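Participant: My questions all concern the structure below.
Please treat every number below as a calculation from the coordinates, not as lab data. Keep in mind it's a predicted model, so treat the numbers as computed, not measured. Counting neighbours? That spans all protein chains shown, and the Cβs are built from the backbone with ideal geometry, glycine included.
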Amino acid sequence: SRLDANATYQHAPNDLKRGTLRAHVASNQVQLAQFQSLAKDRPGLAGLLTLNADAAATVQPAPAGTNFQLTNVTANLSARGLQMQGMNLGDFTAAANTSGSAIQYNVNSNFAGSTIRVNGQSLLAGDHQTNATAQISNLRIDRVLAVAGRPDLPVSGIFAASAQVSGTVAAPRAS
């Protein structure tokens, strides 16, 4: 397994408080079983994790410290062939990309035979105005508890939900 990460910070001479930060993280296919803190409470955890992300931000002084403003994000994360104790848990993908002054994101999974989709967009500046939808269907509660390290809880059933979230960080609205 391999994880590569690097970052650069460009600033004017003698002014470390203002500048542009750029970061890159990439991995090849990493076996989840290698993460001992995850595998300790989840015996038989397996699957392949892949990450590729680039981000840029401006850094400026602010009255309460430092203002860190994202300006560009391109990120893709996937977990394929997820398993625990021989039980197939499916796949997971997430993507985030900036377009102008907004970031768009998508999450898809067929976790434990369910269908999970989250799609949304948030503004990068100001109050981070957001519009997002989430849909979950056929999610088995016993499998969620097993992955969460709580198979001892005697709860079972199927979960389904549909939600819309909008608003700002300070005034979120959900339905």
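Participant: Taking square-rooted eigenvalues a ≥ b ≥ c of the alpha carbon gyration tensor, is the chain rounded, prolate or oblate, where a/c under 1.5 means rounded and, failing that, a/b exceeding b/c means prolate?
Facilitator: Oblate is the answer for the chain, as a/c is 1.5 or above yet b/c matches or exceeds a/b.
Participant: Hey, another quick one. Explain nothing, just the number: dipole magnitude of the chain about its Cα centre with +1 on each Lys and Arg Cβ and -1 on each Asp and Glu Cβ, in debye rounded to the nearest 20.
Facilitator: Dipole size: approximately 100 debye.
Participant: Would you tally the net charge around Met84, using a Cβ to Cβ cut-off of less than 10 Å, leaving Met84 out, and scoring K and R as +1, D and E as -1?
Facilitator: Spelling it out: positives minus negatives among the neighbours equals +2.
Participant: Only Cα pairs under 8 Å and at least 6 apart count here; give the relative contact order of the chain as a rounded whole percent.
Facilitator: 13 percent.
Participant: Ok, one more. Give the long-range amide H neighbours of His128: residues separated by 5 or more places, or on another chain, with amide H under 5 Å away, using H modelled in the peptide plane at 1.01 Å from N.
Facilitator: Counting only residues 5 or more places away or on other chains, the set is empty.
Participant: Of Gln36, Ile141, Ala112, whose Cα points farthest to the positive end of the dipole of the range 10-147 (charges on the beta-carbon: +1 Lys, Arg; -1 Asp, Glu; origin at the Cα centre)?
Facilitator: Farthest towards the positive end: Gln36.
Participant: Full extension from Leu77 to Ala163: what is 0.36 nm times the residue separation minus their Cα-Cα distance, to one decimal in nm?
Facilitator: Fully extending the segment from Leu77 to Ala163 adds 28.7 nm.
Participant: Give or take rounding to whole Å, what are the principal axis extents of the alpha carbon atoms in the range 21-82, in descending order?
Facilitator: Extents along the principal axes: 49, 23, 12 Å.
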